[in-house]
Amino acid sequence: MLLTLTQVLQCLSFILLPGIYDSTDTQPTTVAIHVDAGPYTRVNTPISVVIENGEISISEREFQLVEISEGIEKPIAAQWGGGYQPTLHWILNGETPAGTTRHFTLKTASNELLANSNEVTVKDNGQALAVQVNNKEVLAYHYGLTPVPEGVSERYRRGGYIHPLRAPNGGVLTRIQPSDHYHHYGVWNPWTTTEFEGEELDFWNLYKGQGTVRVKDVSSVVEGNVFGQISATHKHVVLDTLNAENDKVALNETWNVRVWNAQNDGFLVDFTSTLNPATNQPFTIKEYRYQGFGFRANELWDDNSATLVTSEGLSKSDGNGTRARWSYVEGPTDAGQAGVLFMTYPTNFNYPEMVRIWPTGANEGKENVFFNFNPAMDRDWKLLPGHEYTLKYRMLTYDGEMDAATAERHWQDFAYPPQVKVSSQPSLEGKKMLLYTKNGEGFVHKNIPSSIKAIKKIADENDFEVVASEDPVQFTNENLKQYDVLIFSNTNNDIFDTPEQEQAFKEYMQSGGRFVGIHSACGSERDWDWFAQMLGGRFHRHPPRQDFEVLVLDNSHPSTLFLPKIWSINDDECYYMKHLNPDNHVLLAADLRTVEDEKRDEYPANYFGDQFPLAWCHEFDGGRQWYTALGHRAEHYDDPMYMQHILGGIIWVLSDEAP
């Protein structure tokens with residue numbers, strides 16, 4: 001989706017969009033985002049990244065997140081989240097193998113206003129907010145006071161809980177107000193044994209009348225293509241049963257319930273509780289066997305019908321009072337077999353928390369599935385005034401059955417998400433470039449018209465201007481001042497007519513000029529040593545045209561980040577060069593084991609082992625240079641991956657990124 005400033009502000013009261021605009025420059029930059037899977041395979045994983053270092057421009061520009069793979073840009077649904085630092089969210093769709101990196105850019109798009117089609121919606125019925133993903137209900141958060149069954153004490157009335165929590169098949173996983181425990185409310189988060197102002201208080205067992213949890217307000221509701229979110233404030237209230245006017249708030253709690261449109265086999269829900277004492281007195285959660293993040297299962301689950309497994313391989317029979325990173329519990333629902341995977345986060349207090357599980361035989365063996373992450377099962381937790389304390393959990397509801405390997409993978413996504421690196425790239429918008437194609441006496445490549453057409457195409461797509469010429473009269477000091485980049489595409493042999501033209505080119509580069517060389521540009525001005533050092537090398541020879549493999553030596557460069565580790569080249573020339581500049585930062589190298597060459601023993605022999613440099617970047621004599629030896633045939637310029645390679649070179653020379 002395209003994100004307009006208006007759409008962003010619908011979710012945020014204000015936003016700074018660092019990295020997109022520089023406050024002193026009206027030209028936008030492109031943000032490059034690299035997502036590293038790390039040691040774990042990822043499947044449909046939520047990604048969140050803070051965009052830093054700048055301010056948004058008050059304009060009608062729109063932003064598009066795209067993934068770059070094999071030279072193709074694929075639009076990705078993305079969504080801004082609020083907070084002190086604006087955060088971009090999206091789903092890393094599909095499988096991302098361990099050890100691999102995926103590459104995205106966030107860049108400006110056209111001013112055309114597109115409709116905002118929210119796929120995660122929140123519907124309010126006056127008592128509860130129901131979150132839906134693609135028109136399927138995931139959960140309902142109740143902010144209103146829920147009536148109690150006839151004959152049951154009004155003390156059991158409360159809001160601030162989740163019910164129903166549903167599986168993708170629509171089956172209900174939770175229940176509220178069961179006759180055995182009227183204070184059980186689906187998914188809820190009160191504390192059982194606490195100390196406040198010298199008094200011991202229970203906010204879990206409502207029948208005692210000591211404390212309860214009330215919803216102060218729902219502070220925000222967010223809908224979007226990537227996630228929907230409900231934020232609400234709860235109050236842990238100390239009750240005065242004789243005079244309600246004397247009720248006192250001891251603890252404030254903020255709930256953030258986020259439902260992802262993760263396109264998983266299940267529904268993904270993040271639950272965050274932020275606690276802070278409401279007075280200038282500490283609030284202590286005392287050691288006790290059950291309290292905190294709790295779940296009461298539907299009435300169909302019992303010892304015979306339900307399965308519970310913890311991350312340590314324990315079950316209902318032996319898991320109670322043990323520690324667990326995750327636990328899944330599953331059983332029958334009104335819509336078929338389903339379950340929920342509960343996951344805890346490494347920064348939680350007393351992580352991995354101990355778990356309260358109703359053991360086999362509990363509750364007379366009937367309707368007896370209860371699960372509770374309890375950070376204070378074996379120790380006190382003292383909350384100090386003026387401090388905030390956060391607990392994070394994730395739930396995945398699913399149809400059918402879970403297994404330990406799948407549960408572990410989901411927990412790894414939550415606990416150790418992919419690493420995200422953000423860097424700014426210069427915008428090409430409004431830039432002007434000279435595309436120079438002159439050839440002196442000797443071989444002239446037939447690919448030149450194709451290269452001109454292809455480079456003009458990427459210019460149109462990226463809003464920069466290209467002037468194509470093979471006339472060396474372009475090279476005067478005054479004329480070159482208008483160009484941000486000089487692109488030498490398949491120039492060859494003598495490409496300047498006069499020493500003055502050579503000097504104008506040299507002075508342009510020495511004054512901070514930017515240069516991109518393509519294929520036979522390395523065969524230009526073969527008697528001019530400065531030119532060879534500026535470009536990075538001089539053409540020597542090539543074996544017969546053939547298929548061969550290219551190794552990506554630096555996959556973080558704009559001209560290579562989208563390439564596979566081994567790039568299979570189709571019917572090209574493998575250039576060998578001499579006079580290589582030792583400062584070249586080599587990006588690509590030919591795998592000489594895949595190149596048939598009867599003259600290899602003559603050169604390059606084994607000077608470079610089984611690799612030979614084919615693309616590089618460097619800085620020389622005041623300028624910035626990028627060169628690729630690939631691109632012999634006209635058909636190469638119809639290859640989006642090759643053209644993305646060239647576009648990345650242009651982007652790099654315009655940046656300040658070190659070689």
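The values are calculated or read from the model by the stated rules, or taken from the named source; none is laboratory data. No experiment lies behind these values; they were computed from the predicted model shown. For neighbour counting, all protein chains shown are included, and Cβ atoms are generated from backbone atoms with ideal geometry for every residue, glycine included. Surface accessibility is based on the protein's heavy atoms, side chains included, excluding ligands, DNA and RNA. Shrake-Rupley method; radii C 1.70, N 1.55, O 1.52, S 1.80 Å.
Taken as a whole, segment 493-501 holds no residue that is open to solvent by 10 Å² or more (accessible area, probe 1.4 Å) and under 41 Å from the mean Cα position of the chain (by Cα). Only one of the numbered conditions (1) touching an Asp or Glu at 6+ places or on another chain (Cβ under 8 Å); (2) closer than 27 Å to T233 by Cβ is not met by F349, and that is (1).
Residues that are among the hydroxyl-bearing types (S, T, Y) and touching a residue at least 40 places away in the same chain (Cβ under 8 Å) do occur in segment 377-392, at least one of them. Inspect all residues belonging to segment 426-434 and state whether any of them is open to solvent by 20 Å² or more (accessible area, probe 1.4 Å) and at pLDDT 95 or above. Checking segment 426-434: at least one residue is open to solvent by 20 Å² or more (accessible area, probe 1.4 Å) and at pLDDT 95 or above. Note on segment 518-556: among residues that are outside any strand (DSSP E or B) and charged (D, E, K, R), the one that is surrounded by the fewest Cβ atoms within 10 Å (Cβ to Cβ) is D527. Which ones in segment 315-334 are in contact with a Gly (Cβ under 7 Å, 6 or more places away or on another chain) and not in a strand (DSSP E or B)? Matches in segment 315-334: T333, D334. Of the residues in segment 557-570, at least one is over 30 Å from T498 (Cα atoms), among the aliphatic types (A, V, I, L, M) and either assigned to a helix (DSSP H, G or I) or without any contact (Cβ under 8 Å) to a residue 60 or more places away in the chain (or both).
The residues in segment 296-318 that are buried (at least 24 other Cβ atoms within 10 Å of the Cβ) and either charged (D, E, K, R) or more than 20 Å from D403 (Cβ to Cβ) (or both) can be counted, and the count is 2.
Yes or no, residue by residue, for (1) crowded, with 16+ Cβ neighbours inside 10 Å; (2) within 30 Å of E119 (Cα to Cα):
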site	(1), (2)
S220	no, yes
F227	yes, yes
A232	yes, yes
L239	yes, no
N243	no, no
W260	yes, yes
V269	yes, yes
Q281	no, no
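Taken over segment 572-608, the criterion of being under 17 Å from A629 (Cβ atoms) and among the hydrophobic types (A, V, I, L, M, F, W, C) is satisfied by C574, M577, L580, V586, L587, L588, A589, A590, L592, V595, F608. Annotation: of all residues in segment 353-409 being open to solvent by 40 Å² or more (accessible area, probe 1.4 Å) and at positive phi, the one that is modelled with the lowest pLDDT is E364.
Take the conditions (1) in contact with a Gly (Cβ under 8 Å, 6 or more places away or on another chain); (2) without any contact (Cβ under 8 Å) to a residue 24 or more places away in the chain; P640 misses just one of them, which is (2). Cβ-Cβ distances below 7 Å connect the following pairs, each with a first residue in segment 139-165 that is part of a loop (DSSP other than H, G, I, E, B), a second residue that is among the acidic types (D, E), and a separation of six or more residues or different chains: V148/E154.
F496 falls short on exactly one of the conditions (1) in a loop (DSSP other than H, G, I, E, B); (2) at pLDDT below 95, and that condition is (2).
The set of residues in segment 197-218 being among the aromatic types (F, W, Y) and either open to solvent by 10 Å² or more (accessible area, probe 1.4 Å) or within 27 Å of P46 (Cβ to Cβ) (or both) consists of Y207 alone.
For E602, are the conditions met, namely being farther than 30 Å from D460 by Cβ, open to solvent by 40 Å² or more (accessible area, probe 1.4 Å) and either not in a loop (DSSP other than H, G, I, E, B) or not basic (K, R) (or both)? Taking the combined requirement at face value, the residue satisfies it.
Counting just the residues of segment 92-120 that are in a loop (DSSP other than H, G, I, E, B) and among the charged types (D, E, K, R), which one comes out modelled with the highest pLDDT? Here the answer is E119. Where residues in segment 319-340 are among the charged types (D, E, K, R) and closer than 17 Å to P359 by Cα, which of them is least open to solvent (accessible area, probe 1.4 Å)? Looking at the filtered set, the residue picked out is E330.
Could you go through segment 362-370 and let me know if any residue there is within 23 Å of N256 (Cα to Cα) and either without any contact (Cβ under 8 Å) to a residue 24 or more places away in the chain or of a type outside the set (S, T, N, Q) (or both). Among the residues of segment 362-370, at least one is within 23 Å of N256 (Cα to Cα) and either without any contact (Cβ under 8 Å) to a residue 24 or more places away in the chain or of a type outside the set (S, T, N, Q) (or both), which makes the answer yes.
One line per residue, one yes/no per condition, for (1) assigned to a loop (DSSP other than H, G, I, E, B); (2) at pLDDT below 95; (3) open to solvent by 50 Å² or more (accessible area, probe 1.4 Å); (4) touching a strand residue (DSSP E or B) at 6+ places or on another chain (Cβ under 8 Å):
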| residue | (1), (2), (3), (4) |
| --- | --- |
| S451 | no, no, no, yes |
| E478 | no, no, yes, no |
| Q482 | yes, no, yes, yes |
| I487 | no, no, no, yes |
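Quick one: is E461 outside any strand (DSSP E or B), at pLDDT below 95, closer than 30 Å to I47 by Cβ and open to solvent by 50 Å² or more (accessible area, probe 1.4 Å)? Yes. Considering the conditions (1) assigned to a loop (DSSP other than H, G, I, E, B); (2) more than 30 Å from E461 (Cβ to Cβ); (3) of a type outside the set (S, T, Y); (4) modelled with pLDDT of 95 or more, G631 is excluded by exactly one of them, (2).
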